[in-house]
Amino acid sequence: MLYAPLLVGSLCLVFNYLVYSRRVAQWRKSNIPFLSPSFLIGHKYFWGVGSNSATVVPLDRIYQENKDKDLVAFFIATLPVVLLRKPALIKQIFARNFDEAFKTGFAVSHNDVITPHMLSQSPDKKVWKTHRNALSPMFVTTRFSGKRFAKIRNQISLMWTHVEEARLQGKPINIKEVAGMFFQDIISNSFLALDDNSYVKEGEFRKFLKSLVEPGWGKLLGVFAQMHLQRIPTLESLKFITQKHIETMKSLLQKQIKQRSQTGDQRNDLIDLLIRLKEQDQDGKLDSEMDVTNEMISLGLSLLLGGKSVATVDNMVSFTIHLLSLYPEYQERIRQEVKEAMEKHNATEFTYEVVRDLHFLNQCLHETSRLYPNTSVITRVCTEDFTPAGTDYIFKEGELIIVDPYSIHRDPEYFENPDVFDPDRFSPKNRDSKSVDAFLSFGKGPRKCPGSNVALLVASTLIGSLLHKYEVRPYSHTKQMDADDFHPRSFAIVHKDDVLVNVIPREILAY
């Protein structure tokens with residue numbers, strides 16, 4: 001009985017040795033500098049995954065210790081990766097040469113019927129382009145203009161009521177919770193016609209979204225499995241999108257499509273879009289019992305999870321409010337900007353035009369996204385042997401290329417005083433090509449986040465309306481958060497503890 005474990009262990013040692021030695025020889029031949037792996041478990045900085053931030057801390061240490069290199073290769077366990085450090089090289093691979101020689105870095109297993117159709121992960125460029133074009137009407141901010149902004153104004157009123165009730169009870173405000181309810185209700189009401197009010201009751205849609213985005217070992221291992229297990233069937237427990245998620249999304253869409261087909265309403269939302277796509281497949285015939293296909297489910301999930309999703313928006317808002325609570329002078333500049341925008345548009349309440357003119361607030365959101373980018377790693381896979389222009393590096397077919405936005409955003413070579421929250425670095429007069437190329441929060445190239453403008457609009461609305469009525473003061477975090485405050489079991493950059501703030505009505509401060 002003792003021989004079996006010894007045999008398995010020996011085989012693992014031999015396998016790892018072969019993997020390491022073969023790839024190291026390839027890197028050496030391809031002129032790619034590399035860090036020698038520790039036997040069995042790759043680079044030693046990843047030994048602590050689960051005790052500190054899953055990837056931010058180890059990647060940042062590797063980035064900082066290799067300042068003299070354009071790129072550096074190493075192993076995460078048995079997964080070989082090449083970390084790009086220079087924005088010029090990143091721009092070549094993510095933008096200029098992406099269509100020629102690269103694809104997204106997530107694997108698609110044979111038993112996965114959803115991922116191949118999702119915008120953020122689809123490796124098939126033709127499928128991605130078709131679905132990107134189909135969803136493009138959902139990603140334009142003008143869909144919220146005019147009378148359609150009334151739904152967002154209703155969310156502002158509900159948010160104000162919720163915040164005031166908590167204040168009167170002497171409770172601090174959980175900003176991530178408020179932001180999550182605000183954004184989720186806008187998504188459910190504006191795109192799915194669900195008419196939810198998460199401030200009163202946590203509906204099925206909110207529970208569904210939380211199950212998709214909440215950090216944990218399963219999500220973390222699922223992401224690594226997607227990068228590592230190329231074309232290998234993935235266990236259900238390691239899937240980012242599980243069968244239960246698929247069935248829930250299918251049921252939701254089926255119900256809303258059936259209701260819409262019966263009423264004949266036209267709302268120009270996701271439900272109308274899916275009905276039109278299905279009618280095209282059925283030669284214009286509308287069937288109230290039409291089947292919800294995997295493609296339709298993928299489009300729905302792409303809207304919820306692609307780019308600036310619910311999870312990333314509420315984190316962006318949480319981090320921004322956290323920073324603004326430490327800088328009351330920036331809060332006052334936002335209030336003044338809101339006042340001037342309302343006067344400019346002859347408005348007494350928030351409108352699409354008012355929010356669109358909150359330029360300094362937009363700078364605050366960009367600066368927050370620089371300090372706390374929503375993802376710790378952006379990945380690409382080489383589809384054919386490729387040599388970047390002006391270099392002698394050779395990326396072999398199958399090479400996994402990664403970028404670490406957190407470290408690049410905090411590199412003084414691209415951003416002066418990089419650890420300081422300075423929204424004015426994103427003002428028109430201060431932005432330069434060097435910082436523009438180094439800013440990666442919304443992605444780079446054809447696969448950059450398609451929903452970033454809608455996310456920024458909603459985030460600006462929430463923060464602008466909150467600060468218009470209240471001054472925000474720190475409660476749970478009295479110092480600027482750093483990597484030690486990130487969730488240890490999240491691939492995204494998420495704060496591990498709730499961000500709590502106190503609010504004081506402006507009319508009280510006036511006395």
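The values are calculated or read from the model by the stated rules, or taken from the named source; none is laboratory data. This structure is a prediction, so every number in the text was calculated from the model and none was measured. Every residue, glycine as well, gets a Cβ built from its backbone with ideal geometry; the counts of neighbours run over all protein chains shown. We work out accessible area using only protein heavy atoms, side chains counted, and drop any ligands, DNA or RNA first. Shrake-Rupley method; radii C 1.70, N 1.55, O 1.52, S 1.80 Å.
In the range 45-78, how many are open to solvent by 10 Å² or more (accessible area, probe 1.4 Å) and either at pLDDT 85 or above or touching a helix residue (DSSP H, G or I) at 6+ places or on another chain (Cβ under 6 Å) (or both)? Show your work before the answer.
Of the residues in the range 45-78, the ones open to solvent by 10 Å² or more (accessible area, probe 1.4 Å) are 45-52, 57, 60-61, 64-65, 67-70, 76-78.
After this cut, where a residue has to be either at pLDDT 85 or above or touching a helix residue (DSSP H, G or I) at 6+ places or on another chain (Cβ under 6 Å) (or both) as well, the list is 45-46, 57, 60-61, 64-65, 67-70, 76, 78.
Qualifying residue count, the range 45-78: 13.
Which number in (1) open to solvent by 50 Å² or more (accessible area, probe 1.4 Å); (2) in contact with a Cys (Cβ under 6 Å, 6 or more places away or on another chain); (3) of a type in the set (A, V, I, L, M, F, W, C) marks the one condition that Val436 misses?
Val436 satisfies all of (1) open to solvent by 50 Å² or more (accessible area, probe 1.4 Å); (2) in contact with a Cys (Cβ under 6 Å, 6 or more places away or on another chain); (3) of a type in the set (A, V, I, L, M, F, W, C) except (2).
Looking at Pro423, Pro373, which is the one that is open to solvent by less than 10 Å² (accessible area, probe 1.4 Å) and more than 26 Å from Pro58 (Cα to Cα)?
Numbers: Pro373 fails: more than 26 Å from Pro58 (Cα to Cα).
Step by step, each of Pro423, Pro373 is checked, and only Pro423 is open to solvent by less than 10 Å² (accessible area, probe 1.4 Å) and more than 26 Å from Pro58 (Cα to Cα).
Of the residues Thr391, Thr348, Thr368, which is surrounded by 21 or more Cβ atoms within 10 Å (Cβ to Cβ) and either part of a loop (DSSP other than H, G, I, E, B) or within 24 Å of the chain's Cα centre (by Cα) (or both)? Before the answer, list the steps.
On the way: Thr391 fails: surrounded by 21 or more Cβ atoms within 10 Å (Cβ to Cβ); Thr348 fails: surrounded by 21 or more Cβ atoms within 10 Å (Cβ to Cβ).
Every option except Thr368 fails the conditions.
Residues of the range 183-201 being of a type in the set (Val, Ile, Thr) and in contact (Cβ under 8 Å) with a residue 24 or more places away in the chain, which ones? Steps first, please.
So in the range 183-201, the residues of a type in the set (Val, Ile, Thr) come out as 186-187, 200.
Those that are of a type in the set (Val, Ile, Thr) and in contact (Cβ under 8 Å) with a residue 24 or more places away in the chain: Ile186, Ile187.
What is the residue count in the range 453-511 for residues that are outside any helix (DSSP H, G or I), of a type in the set (S, T, N, Q) and crowded, with 20+ Cβ neighbours inside 10 Å?
Going through the range 453-511, the residues outside any helix (DSSP H, G or I) turn out to be 470-482, 486-505, 510-511.
If we keep only those that are of a type in the set (S, T, N, Q) too, we end up with 476, 478, 480, 490, 502.
Right, trim to crowded, with 20+ Cβ neighbours inside 10 Å and you get 490.
Summing the residues that are outside any helix (DSSP H, G or I), of a type in the set (S, T, N, Q) and crowded, with 20+ Cβ neighbours inside 10 Å in the range 453-511 gives 1.
Taking the range 167-177, which residues are in contact (Cβ under 8 Å) with a residue 60 or more places away in the chain and either part of a helix (DSSP H, G or I) or open to solvent by less than 10 Å² (accessible area, probe 1.4 Å) (or both)?
Of everything in the range 167-177, those that are in contact (Cβ under 8 Å) with a residue 60 or more places away in the chain and either part of a helix (DSSP H, G or I) or open to solvent by less than 10 Å² (accessible area, probe 1.4 Å) (or both) turn out to be Arg167, Ile173, Ile175, Lys176, Glu177.
Among the residues in the range 399-412, are any in contact with a strand residue (DSSP E or B) (Cβ under 7 Å, 6 or more places away or on another chain), assigned to a loop (DSSP other than H, G, I, E, B) and either open to solvent by 20 Å² or more (accessible area, probe 1.4 Å) or of a type in the set (A, V, I, L, M) (or both)?
In the first step, residues of the range 399-412 are kept if they are in contact with a strand residue (DSSP E or B) (Cβ under 7 Å, 6 or more places away or on another chain); the result is 399-405.
Then keep just the ones that are assigned to a loop (DSSP other than H, G, I, E, B); that gives 399, 404.
Filter again for either open to solvent by 20 Å² or more (accessible area, probe 1.4 Å) or of a type in the set (A, V, I, L, M) (or both), leaving none.
The answer is no; no qualifying residue exists.
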